[in-house]
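Engineer: Here it is: the structure, laid out below.
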Amino acid sequence: MQALLFVSRQLARLCLLVAGLALLALMSVTILDVLLRLVFRLSGGALNWSVIGSVELVRYLLMFSLLAAMAASVERSQVVVEAFSHGLSPTLKERLGGIFLIGFVVLGTVMAVGLWQEAGIASQRGQVTQDLRIPMAPIYQFGAVLCALLALRSLVHALLGAFFATAGGGVHHE
């Protein structure tokens, strides 16, 4: 059980790192694009510098940051409404939270399989992004890996919550 928690924490740290780097890159591209548009406007169009493909970069970086953040915070991402469960024991609440996380296991698995299949199709067809001509297959594959991490961490915390009623398994306690 402690080994599962350790692995889950390490995967969460990795996902937070990915999410943070993607968010930092997203903000950098956005700020640079806004500043270069300002330079263009202030120069009366004489300096036509721009970030080529900025919308495209922001789109994929946002996808990576959201998927990684979801995987990193799966055990803390539930909104617990205690209208019906306030009289239940903490152990039963943990078990119910663990059972609820099975839905995230299914969601992450379906998304990972779908993105991995799209990566195969994109690779076969040679699909690239519209502006930057970046191959789509690696983008889909990275998204699939992040979705698989969501499914894996959800599974770990579903097991910890549903079977072991471990704090931090099904429901996060602070």
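Engineer: Carbon and sulfur: what percent of the range 1-164's accessible surface (1.4 Å probe)? Present the calculation step by step, with values, prior to reporting the outcome.
Structural biologist: On the way: 7000 of 9850 Å².
Heavy-atom surface of the range 1-164 belonging to carbon and sulfur, 1.4 Å probe: 71 percent.
Engineer: On alpha carbon coordinates alone, what is the Rg over Rh value for the chain, Rh being the Kirkwood radius? Intermediate results must be reported in sequence, preceding the final value.
Structural biologist: Numbers: Rg = 20.6 Å, Rh = 18.2 Å.
On the Cα set of the chain, Rg over Rh gives 1.13.
Engineer: Which net charge results for the neighbourhood of A72, defined as the other residues with beta-carbon distances under 12 angstrom from its beta-carbon, given Lys and Arg at +1 and Asp and Glu at -1?
Structural biologist: Values: positive: R9, R13, R76, R153; negative: E75.
Charge balance near A72 sits at +3.
Engineer: Taking the Cβ of L160 as the centre, find all other residues whose Cβ is under 14 Å away and add up their charges (Lys, Arg: +1; Asp, Glu: -1). Present the calculation step by step, with values, prior to reporting the outcome.
Structural biologist: Details: positive: R9, R76, K93, R95, R153; negative: E75, E94.
Counting the neighbours of L160, the net charge comes to +3.
Engineer: How do the peptides 121-132, 93-104, 18-29 rank, highest first, by the average count of neighbouring beta carbon atoms within 10 Å per residue?
Structural biologist: Details: 121-132: 12.6, 93-104: 19.8, 18-29: 16.7.
With the highest mean Cβ count within 10 Å placed first, the list reads 93-104, 18-29, 121-132.
Engineer: Need the C-alpha centroid separation for the range 11-30 versus the range 133-151, integer Å.
Structural biologist: So the two Cα centres are separated by 15 Å.
Engineer: On average, how much area does the Cα convex hull of the range 118-160 cover when viewed from any direction, in nm²? The partial results should precede the final answer.
Structural biologist: Details: hull surface 13.0 nm².
If I average the Cα hull's projected area over directions, I get 3.2 nm².
Engineer: Averaged per residue, what accessible area in Å² does the chain show with a 1.4 Å probe, protein chains only? Write down the numbers at each step before the final one.
Structural biologist: Numbers: 10370 Å² over 174 residues.
Value returned for the chain: 60 Å² of accessible area per residue.
Engineer: Moving to a separate point now. Expressed in nm to one decimal, what extension gain is obtained for the pair F40 and V110 from 0.36 nm per residue of sequence separation less their Cα-Cα distance?
Structural biologist: Numbers: separation 70, 0.36 × 70 = 25.20 nm, distance 4.46 nm.
In short, 20.7 nm is gained.
Engineer: Between L14 and S50, with labels modelled 7 Å along Cα→Cβ, what's the label distance in nm to one decimal, could you check?
Structural biologist: Simple spin-label model gives 3.9 nm for this pair.
Engineer: Okay, moving on. What number comes out for the charge environment of V51, summing +1 per Lys or Arg and -1 per Asp or Glu over other residues with Cβ under 11 Å away?
Structural biologist: Neighbour charge sum, excluding V51 itself: -2.
Engineer: So, one more: Quote to one decimal, in nm, the extra length available between R133 and R76 on full extension: 0.36 nm per residue of separation minus the C-alpha distance between them.
Structural biologist: On the way: separation 57, 0.36 × 57 = 20.52 nm, distance 3.74 nm.
Length gained between R133 and R76: 16.8 nm.
Engineer: If a helix is a whole DSSP H run, which ones in the chain reach 30 Å or further along their own axis (Cα) and hold a mean Kyte-Doolittle hydropathy of at least -1.0?
Structural biologist: On the way: long enough: 2-42 (59 Å, 1.71); 90-125 (52 Å, 0.78); 136-162 (38 Å, 1.55).
Those that pass (Cα extent of 30 Å or more, hydropathy at least -1.0) are 2-42, 90-125, 136-162.
Engineer: Of the listed peptides 105-113, 151-159, 62-70, what is their order by residue-averaged count of other C-beta atoms within 10 Å, with the highest listed first? Let's see the in-between values first.
Structural biologist: Details: 105-113: 17.2, 151-159: 22.6, 62-70: 20.2.
Highest mean packing first, the order is 151-159, 62-70, 105-113.
Engineer: What ranking, highest mean first, results for peptides 37-44, 135-142 when packing means the other Cβ atoms within 10 Å averaged over each residue?
Structural biologist: Details: 37-44: 11.4, 135-142: 18.1.
Final packing ranking: 135-142, 37-44.
Engineer: Let me ask something else. Collect residues whose amide H, placed 1.01 Å from N in the peptide plane, falls under 5 Å from the amide H of V128; neighbours closer than 5 in sequence don't count.
Structural biologist: M136
The values are calculated or read from the model by the stated rules, or taken from the named source; none is laboratory data. Keep in mind that what you see is a predicted model, and the values were worked out from it rather than measured. Because the Cβ atoms are built from the backbone with ideal geometry, glycine has one as well, and the counts that use them run over all protein chains shown. Heads up: the accessible areas ignore ligands, DNA and RNA and are worked out on the full protein's heavy atoms, side chains in. Shrake-Rupley method; radii C 1.70, N 1.55, O 1.52, S 1.80 Å.
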